[in-house]
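To keep things clear, I will list the structure first and then write my remarks on it.
The values are calculated or read from the model by the stated rules, or taken from the named source; none is laboratory data. Quantities reported herein were computed from a predicted structural model and do not represent experimental measurements. Cβ coordinates were reconstructed from backbone atoms using ideal geometry, including for glycine residues, and neighbour counts include every protein chain displayed. Protein only, heavy atoms only, side chains kept; ligands, DNA and RNA dropped before computing areas. Shrake-Rupley method; radii C 1.70, N 1.55, O 1.52, S 1.80 Å.
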Amino acid sequence: MWEDYVRKVEPYVPGEQPKVSNLIKLNTNENPYPPAPGVFEVLKHADATELKKYPDPTCSVLVDALADFYHVDREKIFVGVGSDDVLSMAFLTFYNSDVPILFPNITYSFYDVWANLYRIPYKQIPLMEDFSVRKEDYYQANGGVVLANPNAPTGANLPFKDVEDILEHNRDVVVIVDEAYADFGGESVLPLIDKYDNLLVVQTFSKSRSLAGLRIGYAFGCKKLIKYMLDVKFSFNSYTMNRPALEMGAASLRDRAYFEEKVAAVIKTREWTKGELKRLGFSFADSKTNFIFARHESVPRDYIFTRLREENILVRAFKGDIVKDYLRISIGTDEEMRVVIETLEKILKEK
Ligand code: PMP
């Protein structure tokens, strides 16, 4: 009868990581450019002997580099194994009441999985028809608010002022703003952590820093908020971050110019891609991320998805009533996106 007592959950389904070559892989919002040159240097000089020792449980080399990059006190920074780990720790730490937490009905599909895993009651708030968040919907009683901004998979951005209004109306619960994609054109609410002691801003190395494979995420909040998260982390797993990840993450942060250059390149390619997709009859909410969530005016989504796949182009198609007509296309290099547009043009002509 042990099965009666299993904590049964319906897990999150990550995007495919196929082992085929020659694939234009635009399904998991990875960055098409390599990580900063400093990361390669760390790898080249890595000494495996060091791995016999545990890593620094306080992750100080990485936390210090984040503190320098963002001009934030060390005590206001939390790091984890990707922002998934950071977000999961935040859910576990802060959402412990019987009142439902709020997040949009179309958003990062891990939020409801963590809520179910940790037995946190939640309410999903419908987005507006244009995929925007209506801030007034978050002025009701709740146990917490979680917003991905810019949102995923829609790409839509909620202006700074609206996020602040939501914070202003939710002073007695923790508001998590998941800024996984904010570097690509959103406006971070990081400057608000000193004004709102209930704000947790979460970011990642997986997108704008080209380090999805290393697994580094981080969060900013007031000292008290971060202390509570650290207490939970040290009650869960002291050594979350491995030695090479700490060193490589810090090296990546030391190269601001490279970071800015690559983010600008992705944004430029995204804007070009938007124009081309429009020309081909796609419509989408304006994206401030490294992906575009688009539907075609006449050709069925699944047909386009399958034909792209046959042409070795992998994008993402989510299940669910509202999103079933949409493809999420991550932004690759100029060359990759040129091939995508040419291929789409060919596919659409066949129909
Ligand atoms: N938040 C959002 C909105 C995301 O799309 C992702 C990427 N799947 C994550 C968080 C997690 O990213 P990571 O764990 O790689 O930092």
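Here are some notes:
- From the list Phe91, Phe103, the lone residue that is assigned to a strand (DSSP E or B), at pLDDT 95 or above and in the same structural domain as Ala152 (by TED's automatic domain parsing) is Phe103.
- Sole exception among (1) open to solvent by less than 10 Å² (accessible area, probe 1.4 Å); (2) part of a strand (DSSP E or B); (3) in contact (Cβ under 8 Å) with a residue 40 or more places away in the chain for Arg328, by number: (1)
- Selection within the stretch 289-314 - assigned to a helix (DSSP H, G or I), open to solvent by less than 30 Å² (accessible area, probe 1.4 Å) and under 13 Å from Lys25 (Cα atoms): Leu308
- Candidate set from the stretch 96-114 (those that are over 19 Å from the mean Cα position of the chain (by Cα) and farther than 18 Å from Val86 by Cα); member that is nearest to the ligand (Cβ to nearest atom): Pro100
- Restricting the stretch 234-286 to residues that are in contact with a Ser or Thr (Cβ under 8 Å, 6 or more places away or on another chain) and assigned to a loop (DSSP other than H, G, I, E, B), the residue that is nearest to Val339 (Cα to Cα): Gly281
- Whichever residue in the stretch 131-146 is of a type in the set (Ser, Thr, Tyr) and open to solvent by 20 Å² or more (accessible area, probe 1.4 Å) and, among such residues, is farthest from Phe91 (Cα to Cα): Ser132
- Beta carbons closer than 8 Å, at least 6 apart along the sequence or on distinct chains, never pair a first residue in the stretch 175-190 that is more than 19 Å from Met229 (Cα to Cα) and outside the structural domain of Thr93 (by TED's automatic domain parsing) with a second that is away from the ligand (no atom under 15 Å from the Cβ) and basic (Lys, Arg).
- Some residue of the stretch 57-67 being under 21 Å from Ser235 (Cβ atoms) and within 19 Å of the chain's Cα centre (by Cα): no
- So Leu158, is it surrounded by 21 or more Cβ atoms within 10 Å (Cβ to Cβ) and farther than 21 Å from Tyr228 by Cβ: yes
- Residue check, Val39 within 30 Å of Arg338 (Cα to Cα) and surrounded by 19 or more Cβ atoms within 10 Å (Cβ to Cβ): yes
- Taken over the stretch 102-117, the criterion of being more than 21 Å from Val163 (Cα to Cα) and open to solvent by 50 Å² or more (accessible area, probe 1.4 Å) is satisfied by Asn116, Leu117.
- Test: Gly213 is open to solvent by 30 Å² or more (accessible area, probe 1.4 Å) and either within 16 Å of the ligand (Cβ to nearest atom) or under 22 Å from Pro153 (Cβ atoms) (or both): yes
- Scanning the stretch 23-56 for residues being more than 26 Å from the chain's Cα centre (by Cα) and part of a loop (DSSP other than H, G, I, E, B) gives a total of 5.
- Scanning the stretch 42-63 for residues being aliphatic (A, V, I, L, M), open to solvent by less than 50 Å² (accessible area, probe 1.4 Å) and more than 16 Å from the ligand (Cβ to nearest atom) gives a total of 3.
- Residues that are open to solvent by 20 Å² or more (accessible area, probe 1.4 Å) and charged (D, E, K, R), drawn from the stretch 165-201: Asp165, Glu168, Arg171, Asp172, Asp183, Glu187, Asp194, Lys195, Asp197
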